[in-house]
There are 2 protein chains.
Amino acid sequence: MATIEDVARFAGLSRTTVSRVINDQPYVSEEKRSRVEDAMKALGYVPNSSARRLRSQKTETIAVLLPRITNPFFNHLIESMEMKASEWGYQVIICQTHDSPQKERDYLELLRKKQVDGIILTSIQNEWEVIEGYLQSGPIVLCNENVEEAQVPVVHVDQAKAAYEATVHLIEQGASEIAFLHGGEDSYVFRHRERGFLKALHERRLPRLEAEVFSSAVDVESGRALFHQIRNNYPSINGVFAGSDEVAAGFIYEAVQAGVKVPEEISVVGFDNQAISMLMKPSITTVEQPVQDMGERCVELLIHQVENGYSLKREEHVFKHRLQARASTTRQSKLVTL
Amino acid sequence: MATIEDVARFAGLSRTTVSRVINDQPYVSEEKRSRVEDAMKALGYVPNSSARRLRSQKTETIAVLLPRITNPFFNHLIESMEMKASEWGYQVIICQTHDSPQKERDYLELLRKKQVDGIILTSIQNEWEVIEGYLQSGPIVLCNENVEEAQVPVVHVDQAKAAYEATVHLIEQGASEIAFLHGGEDSYVFRHRERGFLKALHERRLPRLEAEVFSSAVDVESGRALFHQIRNNYPSINGVFAGSDEVAAGFIYEAVQAGVKVPEEISVVGFDNQAISMLMKPSITTVEQPVQDMGERCVELLIHQVENGYSLKREEHVFKHRLQARASTTRQSKLVTL
């Protein structure tokens, strides 16, 4: 009967490399991996160590990748995912990428190394062709990011439509020069929202200046900084579509401190309908996503694939968003409570 | 056949260092790394990764148990823990207990089943004697909760002192009948804060009515509900020590809506110095904990124990809190910005 040493000799590779391939570990080139697999086939070598058998078992763990857990949209999403996973007896590993493509690939290795049964991606830093490779190792569900070419279940709201409606709302409330704040240009969410934003400007024949798009808007602090940047450099801007309620809250906080009237001098729309959007003075007009339903659906789709197998097939689950008008855009300041 | 001990002896280095090199872990100098590799070559030592992993049974995963991830204190804590763990090549499993003793025990089973190398508890729902039993299976670090009898590393601020100072501050600003809001009576944080609260009332000779302690204060929504409960049933209460900034924010939001002046008619102190405490009108007096430092310390202590072994020994790490006075208690409404 062939041994691991025989495989190594046949493949012309070290025992360590063979062992790595057998144990599905990273850092083996595809070329070496296939030489080892060919050698195993040729020699009829069947790895049957207890270690491998143990590892081939299900881990009953799924990983959720997200940019940052301190963002309320993501932590509410995670909470609903974790509760649903827990109903099914699955644990959730939460992995923060902090927008790093390298970290995203490192965490995707969890799937290759069989440390998790499946992965939910709520944000994407690499091109899809990079991520696609990991689908050989286990199922992936996309949440929030809608990558058109992805052959997996995709759960999202129509970000382009939401951005379009938010922008139209700003225009209808009197804004004529509108800033579009976003977290980073690499995200699909950004690309879709930008499309909707531009469509609204185009339809209403408002000019779009390059300077009206601002990146790095991720939290309260960046919202505060962007108020001053915009006020100092683009004083004619009188409407802001912020990427999140936290950014909007930071922006409005500084506006109020500086004596700039919201919405009379500048109107602001947030995103996600977090508690902060209701608590601020003025309260913040925002776009609500059904976070809990989306999180639960993602987990159900993923666990279904883990337990019943999966094929590379696109399957879209589009959830309905809702524009919640509040005082930060409505000039009569009619307060709408939740 | 050479063993890892032989390699360590030959290289004149510790077994831990050799193990780190074999496992490709960080924090080994290039010089030591090459001494280990030379020794391995000289002795013909080939690490068998699967056997090794089985023997050592390390998963390079730690679990963090917390009540709910949507609480900003806990998600900021987790963020710092996750970043520190990631530096060391460890993954973090986040487990929400939702204050359930049963769920807490279920997640503690991860340690018994060797699915994680160690656990950080940021909240405790079971009596310590229950949790103690799991220490046979692996190390536990306590964070936030200070259980006096726990023979493990404990990382926390002095909650009794923080509550005492917050209560004295309310009294000095004119409050004479003070409500104490908390998340649940089973937590050690509650017991310590209550002790500090009562000490302040006693020293300043204020009466303490049983009715002045309110439980189930966990988020913005419960803060809103508690405002009405207190206003309707205990109209003479003119000071509130809330367990979190979110509870304080919900309380203040409803007070302002109802035309009750904060701090003139009722003054409010939050906890944690989250962004919301600065953003609210009026801004919220709060107690700041050094969340990032605490989170990092917990992970360092736990990984040290995972990699170097541990004994049942109490080790206290007390971090300094800080009272941040803002408009919700200071009658002149001097706004202190961050």
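The values are calculated or read from the model by the stated rules, or taken from the named source; none is laboratory data. Remember, it's a predicted structure, so these values are computed and weren't measured experimentally. We place every Cβ from the backbone using ideal geometry, glycine too, and count neighbours over all the protein chains shown. The protein model used for the area step is the full one, side chains on, heavy atoms only, and it has no ligands, DNA or RNA in it. Shrake-Rupley method; radii C 1.70, N 1.55, O 1.52, S 1.80 Å.
Per-structure values
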read-out: Qualifying residues in the range B:74-96 (those that are out of contact with any strand residue (DSSP E or B) (no Cβ under 9 Å at 6 or more places or on another chain) and more than 7 Å from every other protein chain (Cβ to nearest Cβ)) - the one farthest from B:Gln115 (Cα to Cα); value: B:Ser80
read-out: Index of the failed condition, A:Leu170 passing every other in (1) modelled with pLDDT of 95 or more; (2) farther than 13 Å from A:Thr61 by Cα; (3) in contact with a Leu (Cβ under 8 Å, 6 or more places away or on another chain); value: (3)
read-out: Test: residue in the range A:256-275 that is within 17 Å of the chain's Cα centre (by Cα) and surrounded by fewer than 20 Cβ atoms within 10 Å (Cβ to Cβ); value: no
read-out: Residue list for the range B:124-143, restricted to those being open to solvent by 10 Å² or more (accessible area, probe 1.4 Å) and within 15 Å of the chain's Cα centre (by Cα); value: B:Gln125
read-out: The listed residue being outside any helix (DSSP H, G or I) and either touching a Cys at 6+ places or on another chain (Cβ under 6 Å) or not β-branched (Val, Ile, Thr) (or both), out of B:Glu246, B:Glu264, B:Glu221; value: B:Glu264
read-out: Close pairs (9 angstrom Cβ cut-off, 6 or more residues apart or separate chains): without any contact (Cβ under 8 Å) to a residue 24 or more places away in the chain and assigned to a helix (DSSP H, G or I) in the range B:62-81, open to solvent by 10 Å² or more (accessible area, probe 1.4 Å) and among the hydroxyl-bearing types (Ser, Thr, Tyr) anywhere; value: B:Asn75/A:Thr70
read-out: Residues satisfying the stated conditions in the range A:48-59, i.e. open to solvent by 10 Å² or more (accessible area, probe 1.4 Å) and either at pLDDT 90 or above or at the interface with chain B (Cβ under 9 Å from one of its Cβ atoms) (or both); value: A:Ser49, A:Ser50, A:Arg52, A:Leu54, A:Arg55, A:Thr59
read-out: Qualifying positions in the range B:291-324 - in a loop (DSSP other than H, G, I, E, B) and surrounded by 16 or more Cβ atoms within 10 Å (Cβ to Cβ); value: B:Tyr310, B:His321
read-out: Qualifying residue in the range B:127-141 (condition: touching a Cys at 6+ places or on another chain (Cβ under 7 Å), within 14 Å of chain A (Cβ to nearest Cβ), in a strand (DSSP E or B) and not small (Gly, Ala, Ser)); value: no
read-out: Of all residues in the range B:205-254 being among the β-branched types (Val, Ile, Thr) and out of contact with any Phe, Trp or Tyr (no Cβ under 9 Å at 6 or more places or on another chain), the one that is surrounded by the most Cβ atoms within 10 Å (Cβ to Cβ); value: B:Val218
read-out: Total residues in the range A:184-204, condition open to solvent by 30 Å² or more (accessible area, probe 1.4 Å) and in a helix (DSSP H, G or I); value: 7
read-out: Test: residue in the range B:96-116 that is open to solvent by less than 10 Å² (accessible area, probe 1.4 Å), touching a residue at least 60 places away in the same chain (Cβ under 8 Å), assigned to a strand (DSSP E or B) and farther than 14 Å from B:His192 by Cα; value: no
